[in-house]
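Working notes for the structure below.
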């Protein structure tokens, strides 16, 4: 089985034209001792067989069509309107390459331009690129960008302990070859004032997440001014759904705003593919990584779109490029754009409010349970921290086994101080009934 | 043909999605200073959304529309069953932080794909984490860095890169803190081994080699190259962008490569999505296996059919460089590549590579009589021509490309590799029929004829496209990067 | 196309011009350089007060498809940058020796002036480069 369409006779004809005896003769440059080795792979199967098998494999998972989900922590179960999948399933979109030939890529280019526009409006930032791999890599790129904005003169980055732990880990990996001083305390109680105090003349940027990894909403209104006083940049990572309700980073004078774009019309897909959205102030655009689409006109004066500022990118600037990124998350960005278009101004606000009110309803109900408590000191959006009577892993096992509920994230995994603390996530996908079921299940599990 | 911007379709008060009403008592909102005032998103109906994007899709060229011989990008047909597989709700609707016991199906698939890629490449271990080719490259170069560092061998700062390399190679090198030294090519399109000899010393961290290289040529001295680099204490990075020529043909690990990324979105037929998502798993030899990014999937104990205890587990390799992104990898893409490999098996994959190389050589044999071929050799899965015609000095590679659009063909990669003037890099892939290859060859001949007789046809091309040539200079000077409502108008 | 030179300037092998005014000098790129780059879309210039060695890259000039460094012909301290280029990079194409100047700087070591080419030598040098650049 293969997808080569030639008949034997056609193959002969082609070989004749090339002037070789057989196909094997085309591989004469490959060292003979290592040519055509044996490869151990399972025997090929037909479409019927592979689909039957994969359906079984897929059904062996406890997927969210069969369990109710209160798990978030950076990957969120949100409603994806049907129209989104119908658009991204069009093969004119998904079988295209990067739009290097603008005349026959206007569909991709205009949809990215619209994506950039909507992401700018959502974040209140001036410029958005066409996407990064995910929120974590977007954050890593923000550090490189801040370093470059300082023209390589500032090599310290301060990262709040309540950014997503895997984002911090990714930043650390990216920084291995750069001599950056990463100040990243792991105690989640380190407050914003303490972080701001660490900013000095050698600091490229301060990175905070809002709502933070624990779901809490911070007042960032005065932070930028304090960070700018030292010549450093403020980088804000945020949940795009929260921006249906909360003040966007651009209105708080953030220099770079980024985040995980998955909640915008992309399914959970066990962690990928997602997209990182990335925005900044216009005067930093030349230090930004990734693709950018700009508007222009064709020779007949018609509006059209092209990839622009390519001189920042690896295929032109090579070792001095702003990043090595090439392929990004085009189709996921398209999904995000369709999502934002479909929901629009009112829809996104409605989703955000559903998340907010249902999460608060759940938090209050859980807090009323004898064995659990919720900290209401700070405002939160759709996630909140629950102190549990026993280990989160144990509770989650019971919830899944006995109640078909996927419990929250075990915060002990990320913060040693937060053993027995669960990060519960509630979205518009969780009905009041599901929330009530969770509360009674927690109660029963807590008692036993 | 133009389509309004989605904002231009907006009418205040509309929403294209259908959401539930609030079914719980509302809580107090946070204080006003934490809330947003206004949100400028389009307000359109669902039918507006669908039509708008269908119109946009019609302004694109894709593999499902026509020939796409874009060199180094492997724009092969993407079997539809792969799409069906990746859309199974049991995969799509799983959360990355679910307990491992509840997603054994996902982990099994990932584990098996790791094993398949090992079998094809000869590597000791594979990590599926990187999200794209360049991302895998960065991971690989960081692994080389960690390896030298773990041995206290910290003076190795030089990465050798041939002058024919993809731009991602030098860019990844810089990001990993190495200094790049460019190697020249010889007259047969191989790395100049004499130039290489000058640079193998105790400063050498490693070398990045794309093989077959971007000229579509398999480096005839590959064994000599890997030996020289290893003798100097360096490691070999393989850029796997061109692996479509090599499945079942040879194993990079056997040739002396220590680490290589795969492009699932090229070789293993997962669609490119108009610029992603890709997937860039990394394979490593014994010396580098422990340094792979993670987590990777490991198999615990024996695999039995009815065993309900977790058998597959996520684990960080012993000396891992760490994670290169959140979560595990491009799972949705991984399913497609898995399906593809399972349907083809070892024999089918070998036939695939053979077909790719046959198609490229067939086109090269015809077209070298029309356009200059800088390296007269059998090629692998792609080849590079010079896009110039003796009797038409004003015609450039770009004009030839734009004229191809008028014939319904996506232009080849152009002006790359940099070492060939007016380069046209042509990769037909194995899924194109002889009829299509002949049509392309005829068209290229026709364009050469037009260039001599009516060059304005080329200079004015394309005329049969949604738009004609666009003013890229204006775009770069004016930087209109988002739609904004004009002052005083109602959007 | 004939290579245009300005008789009042001195030149470098990397196609920069230099016009000396007392202890200071103006510099930019030559007509030949702007022509080979084609439409300039952006010029990245240093900060006032930055200092550079002779021949050190101090800025970047970009067209749609290429980015090139520009090198300071003599060691010195930047006194002024041409802010007009930020809004009108096309000045580099339209008037490379005049309104398309890049920076004004303080000359640190006047002896280095001897390293530069006079207009006639440069014209010959650039014409040779032009010939080699075309087939």
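The values are calculated or read from the model by the stated rules, or taken from the named source; none is laboratory data. Just so it is clear, the model here is predicted, and its values are computed rather than measured. Here Cβ is always computed from backbone atoms with ideal geometry, including for glycine, and neighbour counts include all displayed protein chains.
Numbers below:
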quantity	calculated
Tally, over the stretch B:221-250, of residues that are over 30 Å from residue B:154 (Cα atoms) and touching a helix residue (DSSP H, G or I) at 6+ places or on another chain (Cβ under 7 Å)	7
Total residues in the stretch A:50-66, condition in contact (Cβ under 8 Å) with a residue 24 or more places away in the chain and either outside any loop (DSSP other than H, G, I, E, B) or surrounded by 20 or more Cβ atoms within 10 Å (Cβ to Cβ) (or both)	2
Qualifying positions in the stretch B:55-91 - outside any loop (DSSP other than H, G, I, E, B), more than 7 Å from chain A (Cβ to nearest Cβ) and closer than 29 Å to residue A:50 by Cα	B:80, B:82, B:83, B:86
Test set (1) over 33 Å from the mean Cα position of the chain (by Cα); (2) assigned to a loop (DSSP other than H, G, I, E, B); (3) closer than 21 Å to residue A:120 by Cα - residue B:8 fails condition number	(2)
Criterion violated by residue B:161 - all others in (1) more than 8 Å from every other protein chain (Cβ to nearest Cβ); (2) buried (at least 24 other Cβ atoms within 10 Å of the Cβ); (3) under 18 Å from residue B:317 (Cα atoms); (4) under 20 Å from the mean Cα position of the chain (by Cα) satisfied	(3)
Residue within the stretch B:227-239 that is within 23 Å of the chain's Cα centre (by Cα) and over 30 Å from residue A:170 (Cα atoms) present	no
Of the criteria (1) at pLDDT below 95; (2) assigned to a helix (DSSP H, G or I), which one residue A:147 fails	(1)
Test for residue B:280: is it more than 19 Å from residue A:34 (Cβ to Cβ), surrounded by 24 or more Cβ atoms within 10 Å (Cβ to Cβ), at pLDDT below 95 and touching a helix residue (DSSP H, G or I) at 6+ places or on another chain (Cβ under 7 Å)	no
Those residues of the stretch B:84-118 which are closer than 20 Å to residue B:254 by Cβ and in contact (Cβ under 8 Å) with a residue 24 or more places away in the chain, in sequence order	B:114, B:116, B:117, B:118
Top-ranked residue in the stretch A:254-272 [being part of a loop (DSSP other than H, G, I, E, B) and touching a strand residue (DSSP E or B) at 6+ places or on another chain (Cβ under 7 Å); ranked as nearest to residue A:284 (Cα to Cα)]	A:255
Among residues of the stretch B:1-13, those that are within 7 Å of chain A (Cβ to nearest Cβ) and either touching a strand residue (DSSP E or B) at 6+ places or on another chain (Cβ under 8 Å) or at pLDDT below 95 (or both), counted	1
Residue A:382 vs. criteria touching a residue at least 24 places away in the same chain (Cβ under 8 Å) and buried (at least 24 other Cβ atoms within 10 Å of the Cβ)	yes
The stretch A:169-199, subset more than 26 Å from residue A:216 (Cβ to Cβ) and out of contact with any helix residue (DSSP H, G or I) (no Cβ under 9 Å at 6 or more places or on another chain), residue surrounded by the most Cβ atoms within 10 Å (Cβ to Cβ)	A:181
Filter result for the condition that a residue is facing chain A (nearest Cβ under 8 Å), outside any loop (DSSP other than H, G, I, E, B) and surrounded by fewer than 21 Cβ atoms within 10 Å (Cβ to Cβ), over B:347, B:354	B:347
Residues of the stretch A:420-448 satisfying the condition of being away from every other protein chain (no Cβ under 11 Å) and in a helix (DSSP H, G or I)	A:437, A:438, A:439, A:440, A:441, A:442, A:443, A:444, A:445, A:446, A:447
Filter result (within 11 Å of chain A (Cβ to nearest Cβ), in contact (Cβ under 8 Å) with a residue 60 or more places away in the chain and farther than 17 Å from residue B:213 by Cβ) within the stretch B:398-427	B:402, B:405, B:408, B:409, B:410, B:411
Within the stretch A:123-151, tally of residues that are over 17 Å from the mean Cα position of the chain (by Cα) and under 28 Å from residue B:37 (Cα atoms)	4
Residue list for the stretch B:119-165, filter: at pLDDT below 95 and touching a helix residue (DSSP H, G or I) at 6+ places or on another chain (Cβ under 8 Å)	B:154
Lone qualifier among C:89, C:96 - being within 14 Å of chain B (Cβ to nearest Cβ), surrounded by 12 or more Cβ atoms within 10 Å (Cβ to Cβ) and assigned to a loop (DSSP other than H, G, I, E, B)	C:89
Some residue of the stretch A:28-39 being farther than 30 Å from residue B:365 by Cα and at the interface with chain B (Cβ under 7 Å from one of its Cβ atoms)	yes
Test: residue in the stretch B:376-384 that is touching a residue at least 40 places away in the same chain (Cβ under 8 Å), surrounded by fewer than 24 Cβ atoms within 10 Å (Cβ to Cβ) and at the interface with chain A (Cβ under 8 Å from one of its Cβ atoms)	yes
Check on residue A:133, closer than 30 Å to residue B:217 by Cα, buried (at least 24 other Cβ atoms within 10 Å of the Cβ) and either more than 7 Å from chain B (Cβ to nearest Cβ) or modelled with pLDDT of 95 or more (or both)	no
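Per-residue answers, yes or no, for (1) within 29 Å of residue B:14 (Cβ to Cβ); (2) under 20 Å from the mean Cα position of the chain (by Cα); (3) within 11 Å of chain B (Cβ to nearest Cβ):
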residue: A:331; (1), (2), (3): yes, yes, yes
residue: A:343; (1), (2), (3): yes, yes, yes
residue: A:348; (1), (2), (3): yes, yes, yes
residue: A:352; (1), (2), (3): yes, yes, yes
residue: A:362; (1), (2), (3): no, no, yes
residue: A:368; (1), (2), (3): no, no, no
residue: A:376; (1), (2), (3): no, no, yes
residue: A:381; (1), (2), (3): yes, yes, yes
residue: A:403; (1), (2), (3): no, no, no
